[in-house]
Amino acid sequence: MEIALSLHKSQTPLLGSSCPGNLSPLGRSFASKVRHYWSRPFSRICCSSMERRLKPRPKKIGNVERQVTVLEDSQIRKTSSSGICCQIEKLVLYNRYREAMELFEILELGYDGSDVGGRTYDALVSACVGLRSIRGVKRVYNYMINSGFEPDLFVMNRFLFMHVKCGLMLEARNLFDEMPERDTVSWMTMIGGLVDSRKFSEAFRLFLCMWEEFNDGGSRTFATMIRASAGLGLVQVGRQIHSCALKRGVGDDNFVSCALIDMYGKCGSIDDAHFVFDQMPEKTTVGWNSIIATYALHGYSEEALSLYYGMRDSGAAIDHFTISIVIRICARLASLEYAKQAHAALVRHGYGTDIVANTALVDFYSKWGRMENAQHVFNRMSCKNIISWNALIAGYGNHGQGEEAVEMFEQMLQEGMIPNHVTFLAVLSACSYSGLSERGWEIFHSMSRDHKVKPRAMHYACMIELLGREGLLDEACALIRSSPFQPTKNMWAALLTACRMNENLELGKLAAEKLYGMEPEKLCNYVVLLNLYNSCGKLKEAAGVLQTLKRKGLRMLSACSWIEIKKQPYAFLCGDKSHSQRKEIYEKVDNLMVEISRHDYVEENETLLPDVNEEEQRILKYHSEKLAIAFGLINTPHWTPLQITQGHRVCGDCHNAIKLIAKVTGREIVIRDASRFHHFRNGSCSCGDYW
DNA sequence: CTACTCGGGG
């Protein structure tokens with residue numbers, strides 16, 4: 001049996017700064033464990049180009065106030081239109097877009113625009129792009145058309161850019177098609193816009209046309225097309241462009257390299273990504289960020305964190321991207337200590353107001369049930385978006401505070417934020433976890449009625465779970481039948497769980513069969529049915545399920561739980577005897593068991609632990625989560641909550657035991673298991689004993 | 001005048 005691992009015992013990170021690729025064997029094996037158990041990749045939903053932040057225009061030196069003299073209203077009325085144009089150009093130079101647009105309104109109202117030139121339109125484009133103002137785009141463009149100004153290629157390109165950046169792709173396309181002449185900039189502006197709006201195939205089509213016409217493209221072209229292949233997930237296409245870029249001698253270009261790292265990373269070729277990174281003549285901040293994000297994306301959280309330390313030592317500048325990624329990694333590793341450091345770094349480097357990093361922090365604290373901290377960070381954020389709200393609402397829901405989740409949801413509506421499908425998922429599951437079924441139904445019905453968000457299959461799965469918790473299996477079935485979708489695996493899984501909780505064999509078998517058809521390789525489906533048979537006393541059928549598993553060659557995995565103490569993660573296997581503190585740990589478990597047996601604890605042998613092999617079932621008393629908890633209790637002060645991560649679902653026996661352990665020790669214990677968070681507090685769990 | 005990296009269910 002493998003030993004509990006203790007990582008980076010010395011304070012030095014896992015790997016040296018000079019060679020980020022070489023992990024210590026310990027790091028490797030821990031990482032492979034993490035990956036093994038927690039390999040769900042983060043889904044990436046690309047932000048729309050609208051939401052992307054603008055790169056700030058380089059600031060000009062000098063005192064803005066002194067150089068831009070803002071005219072009084074009375075003066076402006078007397079000024080000629082060329083004077084106003086001059087003012088607009090100056091204001092834009094100093095990023096004062098709003099004022100520039102106010103002046104434009106004066107032009108619009110009082111002048112025909114006959115002497116407004118290309119430079120002013122150029123400035124107005126910058127203002128519209130800076131403000132992301134769709135209305136502004138249309139006004140400026142119409143004004144130009146009406147004034148009879150004939151734009152040259154440069155100005156046309158700028159107008160094209162303006163439409164693309166403001167998300168007006170149809171208008172941009174019309175503009176592009178009607179342009180009398182087009183250069184590579186026009187093409188790349190259009191193609192870049194298509195990539196931003198995730199129309200990758202169309203981008204490639206245009207790229208091929210452009211290639212035919214010009215047979216030319218600089219490093220920017222390649223970087224964009226690499227991003228397009230990343231979006232399509234086609235590593236072969238990406239490779240072709242890579243070799244093309246090499247042939248043209250721009251393989252070393254910073255932007256090309258960064259795009260390549262990202263592309264190989266997203267396509268799953270981490271080695272290739274690392275190779276490109278190693279080849280970079282100068283490792284820039286973006287390069288580091290990309291490689292760190294790649295490792296993080298594939299669950300190599302330890303390596304990613306080590307790379308971050310390598311980056312710090314290398315002297316590369318840490319930016320808000322870096323810190324956002326690191327916080328996200330901490331959320332995975334449940335590493336409060338590292339997260340605190342990252343939080344501090346965020347403030348120290350002057351990114352304390354960055355919305356992404358702060359949202360990642362809210363998410364981090366929410367995930368681990370530190371709702372006071374999450375709320376605190378949230379309250380201090382000067383600007384919040386829907387993602388920030390969603391993270392907070394989901395946090396309350398996941399940790400059993402359904403009322404607060406609903407309250408935040410309502411506050412969000414009051415502040416005029418438009419909820420999206422993720423918001424509803426968070427608030428509906430919160431209602432379900434906390435048994436607020438009436439409220440849940442109200443919100444479910446209000447989705448399409450009041451908020452124009454069509455319920456997706458996941459929302460239906462959520463409502464099925466809600467019904468299942470109330471034991472309303474017939475209604476759950478009816479909901480599946482009446483849903484506008486083909487029933488999805490999530491819906492059947494919710495029904496199967498409901499059947500296990502309510503011991504409904506007939507329906508359970510049906511749901512299980514449907515699931516087997518959809519995901520025959522997924523172990524936990526079989527285990528849920530197995531547990532259902534066991535709890536109904538159908539031992540013969542249960543054995544049959546085990547036979548099926550053997551026939552399909554599906555093996556139960558070793559359950560592993562890990563906990564972080566003083567920045568070091570420790571992993572435990574079931575019945576693990578390898579840790580140097582094993583004596584204390586086992587004594588602690590034994591003592592705890594004795595103590596909780598005074599509080600109505602009865603050892604339960606019926607349930608099989610999902611995803612765990614048979615031998616391990618027999619040592620119920622020493623399941624990995626119990627060992628991790630004992631270890632945590634020994635090694636942390638009594639006011640610290642314990643945070644445990646594991647890839648398997650908690651078994652019924654552990655769940656009961658941990659509730660009581662939380663009660664007798666007065667500790668908060670948070671377990672993130674394969675399906676959800678369990679927040680144990682004073683004898684009860686946030687999941688409401690339903691999982 | 002156009003490029004690269006970050007945030008929310010499952």
At 222 nm, what helix-only mean residue ellipticity would chain A give, in deg cm²/dmol to the nearest 500, using -39500 (n - 2.57) for each DSSP H run of four or more? -19500 deg cm²/dmol
Give me the extension gain from A:ASP112 to A:LYS538: residue separation times 0.36 nm, minus the current Cα-Cα distance, reported in nm with one decimal. 144.7 nm
Taking 0.36 nm per residue of separation between A:GLU595 and A:LYS522 and subtracting their Cα-Cα distance, the length gained on full extension comes to 22.5 nm
Under unit Cβ charges (Lys, Arg +1; Asp, Glu -1), what dipole magnitude, rounded to 20 debye, does region A:217-317 have relative to its Cα centre? 440 debye
Report the label-to-label distance for A:ASP450 and A:THR79 in nanometres (one decimal), using points 7 Å from each Cα along the Cα→Cβ vector. 4.7 nm
Anisotropy class of region A:217-317 from Cα gyration tensor, a/c 1.5 cut: oblate
In degrees, nearest 10, the alpha-carbon axis of helix A:624-635 is tilted away from the dominant principal axis of the alpha carbons of chain A by 80 degrees
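Considering only DSSP states other than H, G, I, E and B, which GluC sites (Glu not before Pro) in region A:393-487 qualify as loop sites with at most 13 other Cβ atoms within 10 Å?
Those that pass, being in a loop and sparsely packed, are A:GLU415.
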Quick one: angle between helix A:505-518 and the longest Cα principal axis of chain A, in degrees between 0 and 90, rounded to 10, please. 40 degrees
Whole-Hz couplings from phi, Karplus 6.51/-1.76/1.60, listed for region A:310-321; x for Gly and Pro: x, 4, 4, 5, 6, x, 5, 6, 8, 10, 5, 5
Region A:645-680-region A:327-380 distance, computed between alpha-carbon centres (Å): 24 Å
Report ³J(HN,Hα) in whole Hz for each residue of region A:473-484, in order, from the Karplus equation J = 6.51 cos²θ - 1.76 cosθ + 1.60 where θ = phi - 60°; Gly and Pro get x. 5, 4, 5, 4, 4, 4, 5, 4, 5, 8, 5, x
Where in region A:617-647 is the amide nitrogen less than 18 Å from a point lying 7 Å along the Cα-to-Cβ axis of A:SER580? A:631-636
Full extension between A:VAL602 and A:ASP177 adds, at 0.36 nm per residue less the Cα distance, a length in nm of 145.5 nm
What is the Cα centroid distance between region A:467-525 and region A:561-589, reported in whole angstrom? 37 Å
Classify region A:461-507 as rounded, prolate or oblate from the Cα gyration tensor: take a ≥ b ≥ c as the square roots of its eigenvalues, call it rounded if a/c is under 1.5, otherwise prolate when a/b beats b/c and oblate if not. prolate
Ordered by residue, what ³J(HN,Hα) values in Hz, to whole numbers, does region A:80-95 give under the Karplus form 6.51 cos²θ - 1.76 cosθ + 1.60, where θ = phi - 60° and Gly and Pro are x? 6, 5, 5, x, 5, 4, 4, 4, 4, 4, 5, 4, 5, 4, 9, 6
Which cross-chain or sequence-distant (5 or more) residues have an amide H under 5 Å from the amide H of A:TYR570, H modelled 1.01 Å from N in plane? A:ILE563, A:GLU564, A:ILE565
Inter-label distance, nm, simple model (7 Å from Cα along the C-beta direction), A:ASN682/A:LYS567: 3.5 nm
Got a sec? Charge dipole of chain A, +1 on Cβ for Lys and Arg, -1 for Asp and Glu; which of A:LEU260, A:TRP441, A:ASN358 is way out at the positive end? A:LEU260
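Say the cut-off is 23 Å between C-alpha atoms; which of A:LYS514/A:LYS621; A:LYS566/A:LYS659; A:LYS583/A:LYS626; A:LYS165/A:LYS199 go over it? Intermediate results must be reported in sequence, preceding the final value.
Values: A:LYS514/A:LYS621 34 Å; A:LYS566/A:LYS659 25 Å; A:LYS583/A:LYS626 14 Å; A:LYS165/A:LYS199 15 Å.
Violating the 23 Å limit, Cα to Cα: A:LYS514/A:LYS621; A:LYS566/A:LYS659.
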Considering only DSSP beta bridges with both partners in chain A, what is the antiparallel share in %, to the nearest 5? 80 percent
Amide H contacts of A:CYS560 (H built 1.01 Å from N, under 5 Å, at least 5 apart or other chain): A:GLY647, A:HIS648
Residues whose built amide H sits under 5 Å from the amide H of A:LEU642, excluding neighbours closer than 5 in sequence, are A:GLU668, A:ILE669, A:VAL670
What residues of region A:161-177 lie in the reach of a label at A:ILE134, counting those whose backbone N is under 14 Å from a point 7 Å from the Cα along Cα→Cβ? A:163-172
Compare the Cα positions of A:ALA405, A:GLY468, A:LEU392 along the charge dipole of region A:338-488 (+1 at Cβ of Lys, Arg; -1 at Cβ of Asp, Glu; about the Cα centre) and return the one farthest towards the positive end. A:LEU392
What is the distance, in nm, between label points placed 7 Å from the Cα along the Cα-to-Cβ direction at A:GLU407 and at A:SER675? 2.9 nm
Sort A:ASP600, A:ASP272, A:ASP576 so that the residue with the fewest other Cβ atoms within 10 Å of its own Cβ comes first and the one with the most comes last. A:ASP600, A:ASP272, A:ASP576
Taking chain A as the reference, fit the longest principal axis to its C-alpha atoms, fit the long axis of helix A:153-165 to the helix C-alpha atoms, and give the angle between the two in degrees, 0 to 90, nearest 10. 30 degrees
For A:ARG551 and A:GLN486, what is the calculated FRET efficiency with R₀ set at 30 Å and r taken between the beta-carbons, to the nearest 0.05? 0.60
Suppose a student asked you for the relative contact order of region A:217-317, using Cα pairs under 8 Å spaced at least 6 residues apart; what percent would you report? 23 percent
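Could you compute the FRET efficiency for A:ASN254 and A:SER201, with r as their C-beta to C-beta distance and R0 at 35 Å, rounded to 0.05?
In this case the efficiency is close to 0.80.
Might you report the magnitude of the Cβ-based charge dipole of chain A about its Cα centre, with Lys and Arg at +1 and Asp and Glu at -1, to the nearest 20 debye? Can you show the working numbers first?
Details: 81 positive and 77 negative charges, 175 e Å.
Its charge dipole is roughly 840 debye.
Can you give the local net charge around A:MET381? Use residues other than it whose beta-carbon is closer than 14 angstrom to its beta-carbon, Lys and Arg +1, Asp and Glu -1.
Its environment carries a net charge of -1.
Each reported figure results from applying straightforward, stated rules to the coordinates on display, with no laboratory input. Since the structure is predicted, the reported quantities are computational estimates derived from the model, not experimental observations. Don't worry about glycine lacking a Cβ; one is built from the backbone with ideal geometry, like all the others, and counts go over all protein chains shown.
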